[in-house]
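Any read-out appearing in this document is the output of simple, stated calculations on the displayed coordinates, not a laboratory observation. These numbers come from a predicted model, not from an experiment. A quick note on method: Cβ atoms are made from the backbone with ideal geometry, for glycine too, and the neighbour counts reach across all protein chains shown.
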Amino acid sequence: MSETVGSKNRHSTKFLGLVESLTTELLAAGDHLQGIQPPKPEFQGDFQSSLKDIAKFRGRPLFYDYIGTGVGNGPYVELEDGSVKLDLINGIGVHIMGHSHPVAVKGAIQGAASDIVMQGNLQPNEEYLEIQKVLSDLAGRNSRLQHVWLATCGTIANENALKICRQKRNGARMIVAFSDAFAGRSTLMTEITDNPAYKVGQPSYNEVLRLPFFSHKEPGGKDKALAILKEHYAKHGDNIGCFSFEPMQGEGGYKYPSRDFLLPLLEFCREKGIPVWADEVQTFCRTGQFFAFETFDIGDFIDVCTIAKTAQNGATLFTPDMNPNPGLLGGTFSGSSSSLRAGVEILKELDQGQYMGPQGKIQKIHNNVLKMLRDLSEGSCKGKLNDPDGLGLMVAFTPGDGSKETQLKIVKKLYENGLMCFGCGHDPYRIRFLIPAILNEEHIEVAKGVLEKTLVENI
């Protein structure tokens, strides 16, 4: 059987051997990273100079004094100041396999050996097709989603989702979304995002109709949300282009609803022909199933779904009846050859490596992390670490009084002590973790020690 030159190259013993050797060499560099380490004085001058240069070019400093060396080991990452951090935010959910995972590294190397750096919707290579196949297969197991349009990030995936929905609704303008939603920082996604701080100086397009999100403190919240949705429909009817929601709110405070709360809203949208768009840019692969809509068993209602982060690329998935007219979607880039290949390999590893399901690795990590946080909240950190909760690899807690000042103080102190996390929510302001799927009990004990020390000393 004849082969193309490219196929021969990709599958040759020599090429595969070189990939394996380079992967082994790169991974060996991080073997010594086995725990948190403080900065080293001899690197401070160059490190601080680099931070100042970044601030100069950005127009503002980084949130963290963070410049990575390109070397890591699981949840540990080395910085240019010689320090080693325990990374429990992972690029806000991008590095689900942690740092320097062999599957991700090998995939990136294989992709980098391509003839082109960036692939596009006009000129794709085989990685483009492969990640589409994987995503379509995963989505089709428990939903009607079949088609996959690639993009470079979650925001663009979301923009494409909205365009698809609006075209299907003949140009309908209005968007139904929850309070405290986050959809990205493009012009229109900022409109869907319910955070005034992200909109300062921006015009308001008045295209979003809000629904109250689920709250355990409001038993009648389901009926209230449905009543408001019906009011929106009575007023705007055919001018509603879609219902957009995050199955678990990320920026909004790691809040997640019950299935009973969502179901009447989804049923009403189906009855009225309103497309349902699930924004899974952050939840994809993180709730214990590939899609959070599987976790909530609502896949049959999903018309459009957006993902990014874990896949190393953005993508808009949609059902056959939502397939847009030619010309609506485009874009020069669909991802780098390295990111596409790495994304394929990561998703295969998650699918074949027993990560998903009630007994999967993700759920076990979740149980262990949540137990650790609850032990602290009921013991030495009582009143200092409150309301730990979450789904899968997305876990958060409220520090102290839940004020913005306390949140920021603790996030910064945790970083100084070697643990990376991030804030979310408001009233209360919470601290969130986007945990890598390779975390073990030893790593959790290290995290516990840093959390306990930081909270006891600073609250």
On a full-extension model of 0.36 nm per residue, what is the gain between I54 and A29, subtracting their alpha-carbon distance, rounded to one decimal in nm? 6.4 nm
Using Cβ counts within 10 Å as a stand-in for footprinting exposure, how do C165, C269 rank, fewest first? C269, C165
Mind sorting I435, I410 by how few other Cβ atoms lie within 10 Å of their own Cβ, fewest first? I410, I435
Using DSSP loop states and a limit of at most 12 other Cβ atoms within 10 Å to flag chymotrypsin sites (Phe, Trp or Tyr not before Pro), what is the longest stretch of the chain containing no flagged site? 206-459
Residues whose placed amide H lies under 5 Å from that of L211, excluding near-sequence neighbours: A177, F178, S179
Over the stretch 111-352, what per residue volume does the convex hull of the Cα atoms give, in whole Å³? 123 Å³
Hey, which of these cross-link pairs are over 27 Å Cα-Cα: K224/K272; K348/K412; K85/K199; K382/K404; K255/K413; K199/K371? K348/K412; K85/K199; K199/K371
Quick shape check on the stretch 133-262: root eigenvalues a ≥ b ≥ c of the Cα gyration tensor, a/c under 1.5 is rounded, otherwise prolate if a/b tops b/c, else oblate, and it reads rounded
Residues V19, V456 in order from fewest to most other beta-carbon atoms within 10 Å are V456, V19
Given bins 10 angstrom wide, list per bin the percent of all Cα-Cα distances in the stretch 267-341, short to long. 17, 43, 33, 7, 0
Lone cysteines in the chain, going by a 4.7 Å Cβ-Cβ cut-off? C153, C269, C285, C305, C381, C421, C424
Taking just the C-alpha trace of the chain, give me its Rg and Dmax in Å. 22.5, 69
Given R₀ = 25 Å, FRET efficiency for R259-E218 by Cβ-Cβ distance, to 0.05? 0.90
If you restrict to DSSP beta bridges whose two residues both lie in the chain, what percentage is antiparallel, to the nearest 5? 65 percent
Per residue of the chain, what 222 nm ellipticity follows from adding -39500 (n - 2.57) for every DSSP H run with n ≥ 4, rounded to the nearest 500? -13000 deg cm²/dmol
Please list, in order, the residues from the stretch 307-342 whose amide nitrogen is less than 16 Å from a point placed 7 Å along the Cα→Cβ vector of R141. 311
Dimensionless Rg over Rh [the stretch 206-313; C-alpha; Kirkwood]: 0.95
Using the Karplus curve 6.51 cos²θ - 1.76 cosθ + 1.60 with θ = phi - 60°, what ³J(HN,Hα) values do you get for each residue of the stretch 46-63, in whole Hz, with x for Gly and Pro? 5, 5, 5, 5, 5, 4, 5, 5, 4, 4, 5, 6, 6, x, 6, x, 5, 4
